[in-house]
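Here is the structure we will look at, set down as structure tokens.
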Ligand code: FES
């Protein structure tokens, strides 16, 4: 699976994930060295894993209720905002571009 990540400074980097891996995008971002707090550990409760989908939003299943409720608390969330911990890695994500928006500390 090949995706592109844009960091908080606007720099884009390709990230490659083995197909067989069962992780969330939040876990992949952390493992790839991005500074994601993920205070709640992936429970859709902290919103520090907020990402904006720059390309490929249609490839994702609709956000669940928990995710929607948490995104609603973010003043800077848009229609293309998602929680990275609620996105499971799958080949549907191929070619997608995500921008990291969550707080750094
Ligand atoms: Fe807390 Fe995603 S890690 S909401």
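Any read-out appearing in this document is the output of simple, stated calculations on the displayed coordinates, not a laboratory observation. Fair warning: this is a prediction, and the values are worked out from it, not measured in the lab. In this analysis, Cβ positions are derived from the backbone assuming ideal geometry, glycine residues included, and neighbour counts consider all displayed protein chains.
Assuming a ≥ b ≥ c are the square roots of the Cα gyration tensor eigenvalues, decide whether the chain counts as rounded (a/c under 1.5), prolate (otherwise, with a/b larger than b/c) or oblate. All intermediate terms of the calculation are to be shown ahead of the outcome.
Working: a/c = 1.37, a/b = 1.26, b/c = 1.09.
The shape class here is rounded.
Among 24, 81, 32, the ranking by other beta carbons within 10 Å of each residue's beta carbon, starting with the fewest, stands as 32, 24, 81.
Modelled spin labels at residue 13 and residue 91, positioned 7 Å past Cα toward Cβ, are 2.7 nm from each other. Mean separation of Cα pairs under 8 Å and 6 or more residues apart, divided by the residue count, gives region 2-100 a relative contact order of 43 percent. Only helices enter this figure: runs of n ≥ 4 DSSP H residues, each worth -39500 (n - 2.57), summed and divided by the residues of the chain, yield -3500 deg cm²/dmol at 222 nm to the nearest 500.
One decimal place: the segment residue 59-residue 43 gains 3.6 nm when fully extended, by the rule 0.36 nm per residue minus the C-alpha distance.
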